[in-house]
Amino acid sequence: MSTTEAASTGGYDRADGWLTDATLLKLWGVVVAAGWLVSQGVAVGGGVDRRFQLGLTAFWLIGSLVPITASFVWMRRGTFTGLFPVWTLLGVAGLLASFAVILDVIDVASVFVLGALWFAGPAVGFAVTTVYMNDWSVRVYAGATVANLVGAVAVVLVPGFEAVYFVVAAAIQGLPMLYHGVRLDR
């Protein structure tokens, strides 16, 4: 893809076989939003104990395998922009930290890892994504960056935020990617 083509598409190659950039973005958006909403449903139905936290972290590990596999396919087709390694490292670090806290491997208040980290990590990912964009999507990802930073602070400082934590995460993490994917299809 030429520099001009990359600039006109925000760094994305729109015609990459069955797995288009729009398809990949929508897949990630749906998986992330649905994952957080399922997490909310389970939390409301069964509480948030250690078993729940371990199961939920395993759910996210398994649930993300489909979009991760699709991302590997996408990356191999030449549309690799550097975003995949950043998001992969953030996701792996988040999962490892979550398992470490849940299994008492590290002694950190769970609100920081199981709460704030899952907003702070995506904030970093969205900020890096913003750097790669140069069109309308800059505003989408800049907004997602700010919203996730606010979420990271809110989960620690705002009493009662845990009641809406998962729904807020679904909105500010899944919807930007879903919106971007839908808009690329236009």
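The values are calculated or read from the model by the stated rules, or taken from the named source; none is laboratory data. The structure displayed is predicted, hence computed values, not measured ones. Neighbour counts run over all protein chains shown; Cβ positions are idealised from the backbone, glycine included.
Can you name the condition, by its number, that residue 50 falls short on among (1) closer than 24 Å to residue 181 by Cβ; (2) among the charged types (D, E, K, R); (3) surrounded by fewer than 19 Cβ atoms within 10 Å (Cβ to Cβ); (4) touching a residue at least 24 places away in the same chain (Cβ under 8 Å)?
Residue 50 satisfies every listed condition except (1).
Can you work out which of the residues in the stretch 53-83 that are within 16 Å of the chain's Cα centre (by Cα), surrounded by 16 or more Cβ atoms within 10 Å (Cβ to Cβ) and hydroxyl-bearing (Ser, Thr, Tyr) is modelled with the lowest pLDDT?
Out of the qualifying residues, it is 71.
Looking at the stretch 134-170, which of the residues that are more than 15 Å from residue 118 (Cβ to Cβ), in contact with a helix residue (DSSP H, G or I) (Cβ under 6 Å, 6 or more places away or on another chain) and not hydroxyl-bearing (Ser, Thr, Tyr) is surrounded by the most Cβ atoms within 10 Å (Cβ to Cβ)?
The extreme case among them is 140.
Would the stretch 171-185 turn up any residue that is hydrophobic (A, V, I, L, M, F, W, C), touching a residue at least 60 places away in the same chain (Cβ under 8 Å) and loosely packed, with under 15 Cβ neighbours inside 10 Å?
yes
So is residue 10 in a helix (DSSP H, G or I) and at pLDDT below 85 or not?
Details: in a helix (DSSP H, G or I): no; at pLDDT below 85: yes.
Here the answer is no, as residue 10 does not meet what is asked.
Would you confirm whether any residue within the stretch 112-120 is crowded, with 17+ Cβ neighbours inside 10 Å and modelled with pLDDT of 95 or more?
Taking the stretch 112-120 first, the residues crowded, with 17+ Cβ neighbours inside 10 Å are 113-120.
Now drop any that are not modelled with pLDDT of 95 or more, which leaves 119-120.
The answer is yes; a qualifying residue exists.
Which of the numbered conditions does residue 118 fail, given that it passes all the others? Conditions: (1) more than 16 Å from residue 174 (Cα to Cα); (2) touching a residue at least 12 places away in the same chain (Cβ under 8 Å).
Among (1) more than 16 Å from residue 174 (Cα to Cα); (2) touching a residue at least 12 places away in the same chain (Cβ under 8 Å), residue 118 violates only (1).
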